[in-house]
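Q: One structure, pasted below without further comment.
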Amino acid sequence: MLLNIGIQHDVGSQIWWKELYSIGMPIIQHQDANQCLVTLIWQDPEGNENTSTTGSVLLDVNSITDHHSWEPECLNRVVGTDVWFGQLTVNSKWRGSYSFIPLQAHQLPEIIKEQNDGSREAQRSWWVDVAQQQVHDALNPLPVQLTGWGRSSPLHLPNAPAELGWEERDKGQLATVSTDKILSIKWKSQILGNQRDCQLFSIAKGDAPLVILLDGQKWGEESGALAVLQYLTEQKLIAPAHYLLVPSIDGQTRWKELSCHKPFWQALVDEFLPDVESELAKVGSSISDYIVAGQSLGGLSSLYAGLQFPEYFSKIISLSGSFWWPEKSRMLSPKAEQELDSFSSLAPPENSLAELIQTGKSSVKHLEAFLTVGHGEQDMCLYNRMTYEAIKRQGGKVSLDIVYGGHDWLSWRSGLMNGLMHLLPKK
């Protein structure tokens, strides 16, 4: 199968690897109008099977790989070489990240399963442990993606929607944002009993919207997001705005603060926004209105802020919002995309935002919401569709974009820009 990639030299030879590096990975071949064959190759740094301690290499493609299986997708070794390869069929509109996870012999799933009870909990524990060993694709020429687990690489299929700004950034065409344009502001909260360093980045003069980015540490200069925001503003695709990056402190605090936690938003409104206004006033700027954007729990929290503080927050961007909250047990894991259209009899989780909206306990008539979620997120699609329908029926302005992607930075980075172009178009 490897001969199909167009290299005529002996597989695994130095000249073969040299040519492969010049071609770059992954190799994508159309199978039909809707599907592509994706070939991925990893070079074993320890050589062939006689010299290497690597017993297997997991292929982790975000929201395609089954993280709940004792028989995960793996690469295959070409016997007698340092070559591992894998092939999979993917929708031609897909965009997502992937990585390789080399395993030692004692870490193989069949070994771990025998040593434990084979339960879902044991499998999950094994996966969380080995996922920290992920490595990016050194053959992929595009910028490495930083995830919660480590380093991964981007996979863009030919028919994936264009990424305005990000394509230019990935090609090295955008200048990095100078640090002197980013103001650090410490938020010391008496209400929350903690503190964090936030960042204020302004691409506007005078009166302009303030965009609050939750999980702000993910959207800093290193991510490329600020350079893309500046570029899209200069291209007159997004109206000039101020951007406030509010980071999470740690996982436990994030779970508490972003799970519909009113004290978090009360503290931000009462304690921190006055400080932000003061800093903007020093350079002759001010806040005209607000947009809140977040991913996963941040997407849930963004909509919650719009419901609880309508006098402040009416424009919302939710990226893969965790609208199953507060009932984790209600995650459904449907097996087929067609189930996205068969949720009419499904009741929203008790005390969820969809229920509050559907029953009229929370008004949405002031809302302008942009929701996006990935086809690969399965159950998340159901709950995002349910929340979208609830907002729409109760008179809120809302759009829902279901993309060919997963619970993934590559989906969120496009979703944020699309949401801003939707809610902040240049007039």
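Q: Cβ contacts < 9 Å: first residue over 16 Å from residue 39 (Cβ atoms), restricted to region 149-164; second residue in a strand (DSSP E or B) and of a type in the set (Asp, Glu), any location; separation 6+ or different chain. Result?
A: Short answer, once both residue conditions are applied: 149/60; 152/60.
Q: Look through 13, 56 and report the one residue that is out of contact with any helix residue (DSSP H, G or I) (no Cβ under 6 Å at 6 or more places or on another chain), over 18 Å from residue 102 (Cβ atoms) and surrounded by 12 or more Cβ atoms within 10 Å (Cβ to Cβ). It would help to see each step written out before you state the result.
A: On the way: 56 fails: over 18 Å from residue 102 (Cβ atoms).
One residue alone meets the criteria, 13.
Q: Considering only residues of region 349-374 that are outside any strand (DSSP E or B) and hydrophobic (A, V, I, L, M, F, W, C), which is surrounded by the most Cβ atoms within 10 Å (Cβ to Cβ)?
A: Ranking the candidates gives 353 first.
Q: So, in region 122-144, how many residues would count as being modelled with pLDDT of 95 or more and touching a His at 6+ places or on another chain (Cβ under 7 Å)?
A: Residues meeting the conditions: 0.
Q: Given (1) buried (at least 16 other Cβ atoms within 10 Å of the Cβ); (2) over 22 Å from the mean Cα position of the chain (by Cα); (3) more than 21 Å from residue 417 (Cβ to Cβ), where does residue 184 come up short, assuming only one miss?
A: All conditions pass for residue 184, except number (1).
Q: Given the conditions (1) within 29 Å of residue 159 (Cβ to Cβ); (2) out of contact with any strand residue (DSSP E or B) (no Cβ under 9 Å at 6 or more places or on another chain), which single one is not true for residue 18?
A: Evaluating residue 18 over (1) within 29 Å of residue 159 (Cβ to Cβ); (2) out of contact with any strand residue (DSSP E or B) (no Cβ under 9 Å at 6 or more places or on another chain) leaves (1) as the failure.
Q: Sticking with this structure for a sec: Say whether the condition of being modelled with pLDDT of 95 or more and either among the basic types (Lys, Arg) or farther than 21 Å from residue 294 by Cβ (or both) is met by at least one residue in region 406-413.
A: yes
Q: Counting residues that are surrounded by fewer than 17 Cβ atoms within 10 Å (Cβ to Cβ), which strands (runs of 3 or more DSSP E) fully inside region 191-275 reach at least 2? I'd like the intermediate steps shown before the answer.
A: Values: elements: 194-202, 207-214, 242-246.
Here the list reads 194-202.
Q: Could you please give the count of residues in region 381-414 that are in a loop (DSSP other than H, G, I, E, B) and under 18 Å from the mean Cα position of the chain (by Cα)?
A: Narrowing region 381-414 to residues in a loop (DSSP other than H, G, I, E, B): 394-396, 404-408.
Narrowing the set further to residues that are under 18 Å from the mean Cα position of the chain (by Cα) leaves 404-408.
Counting residues in region 381-414 that are in a loop (DSSP other than H, G, I, E, B) and under 18 Å from the mean Cα position of the chain (by Cα) gives 5.
Q: I'd like the residue in region 145-163 that is surrounded by fewer than 17 Cβ atoms within 10 Å (Cβ to Cβ) and of a type in the set (A, V, I, L, M, F, W, C) and, out of all such residues, is modelled with the lowest pLDDT.
A: Among residues in region 145-163 that are surrounded by fewer than 17 Cβ atoms within 10 Å (Cβ to Cβ) and of a type in the set (A, V, I, L, M, F, W, C), the one modelled with the lowest pLDDT is 149.
Q: Here's a follow-up. Report whether or not residue 417 is over 11 Å from the mean Cα position of the chain (by Cα) and farther than 26 Å from residue 238 by Cβ. Reasoning before the result, please.
A: Details: over 11 Å from the mean Cα position of the chain (by Cα): yes; farther than 26 Å from residue 238 by Cβ: no.
For residue 417, the condition - over 11 Å from the mean Cα position of the chain (by Cα) and farther than 26 Å from residue 238 by Cβ - is not met.
Q: Also, quick follow-up: Which of the following residues is at pLDDT below 95, of a type outside the set (D, E, K, R) and not assigned by TED's automatic domain parsing to the domain that holds residue 63: 336, 293, 369, 305? First the steps, then the outcome.
A: Working: 293 fails: at pLDDT below 95; 369 fails: at pLDDT below 95; 305 fails: at pLDDT below 95.
Answer to the check: 336.
Q: I would also like to ask the following. I'd like to check something: does region 71-79 contain any residue that is among the hydrophobic types (A, V, I, L, M, F, W, C), in contact with a His (Cβ under 7 Å, 6 or more places away or on another chain) and surrounded by fewer than 20 Cβ atoms within 10 Å (Cβ to Cβ)?
A: no
Q: Have a look at 70, 42, 84 and point out the one that is on the phi < 0 side of the Ramachandran plot and touching a residue at least 60 places away in the same chain (Cβ under 8 Å). Full working, then the answer.
A: Details: 70 fails: touching a residue at least 60 places away in the same chain (Cβ under 8 Å); 84 fails: touching a residue at least 60 places away in the same chain (Cβ under 8 Å).
Result of the check over 70, 42, 84: 42.
Q: Which of the residues that make up region 293-330 are assigned to a loop (DSSP other than H, G, I, E, B) and free of Cβ contacts under 8 Å to residues at least 40 places away in the same chain?
A: From region 293-330, those assigned to a loop (DSSP other than H, G, I, E, B) are 296, 309-312, 320-327; that's our starting set.
Once the filter is applied, which keeps residues that are assigned to a loop (DSSP other than H, G, I, E, B) and free of Cβ contacts under 8 Å to residues at least 40 places away in the same chain, region 293-330 yields 311, 327.
Q: Looking at this structure, is residue 246 touching a strand residue (DSSP E or B) at 6+ places or on another chain (Cβ under 9 Å) and without any contact (Cβ under 8 Å) to a residue 60 or more places away in the chain?
A: Values: touching a strand residue (DSSP E or B) at 6+ places or on another chain (Cβ under 9 Å): yes; without any contact (Cβ under 8 Å) to a residue 60 or more places away in the chain: yes.
Yes; evaluated as a whole, the condition is true for this residue.
Q: Where in region 67-162 are the strands (runs of 3 or more DSSP E), entirely inside, with at least 2 residues that are under 24 Å from residue 217 (Cβ atoms) and not polar (S, T, N, Q)?
A: Values: elements: 83-91, 95-104, 151-156.
Fully inside region 67-162 and qualifying: 95-104, 151-156.
Q: Now for a separate question. Quick check on residue 81: is it assigned by TED's automatic domain parsing to the domain that holds residue 149 and touching a strand residue (DSSP E or B) at 6+ places or on another chain (Cβ under 7 Å)?
A: Working: assigned by TED's automatic domain parsing to the domain that holds residue 149: yes; touching a strand residue (DSSP E or B) at 6+ places or on another chain (Cβ under 7 Å): no.
So residue 81 fails the test.
Q: Give the residues of region 164-181 that are under 21 Å from residue 24 (Cα atoms) and surrounded by 19 or more Cβ atoms within 10 Å (Cβ to Cβ), sorted by residue number. First the steps, then the outcome.
A: Of region 164-181, the ones under 21 Å from residue 24 (Cα atoms) are 166-173.
166, 169, listed by residue number.
Q: Here's a follow-up. Are there any pairs with C-beta distances below 7 angstrom linking a residue in region 127-143 that is buried (at least 16 other Cβ atoms within 10 Å of the Cβ) to a residue that is in a loop (DSSP other than H, G, I, E, B) and β-branched (Val, Ile, Thr), with the two at least 6 apart or on different chains, and if so which?
A: Within 7 Å, the pairs are 136/144.
The values are calculated or read from the model by the stated rules, or taken from the named source; none is laboratory data. Treat the numbers as computed from the prediction; the structure is a model and nothing was measured. Ideal geometry is used to build each Cβ from the backbone, glycine not excepted, and the neighbour counts take in all protein chains shown.
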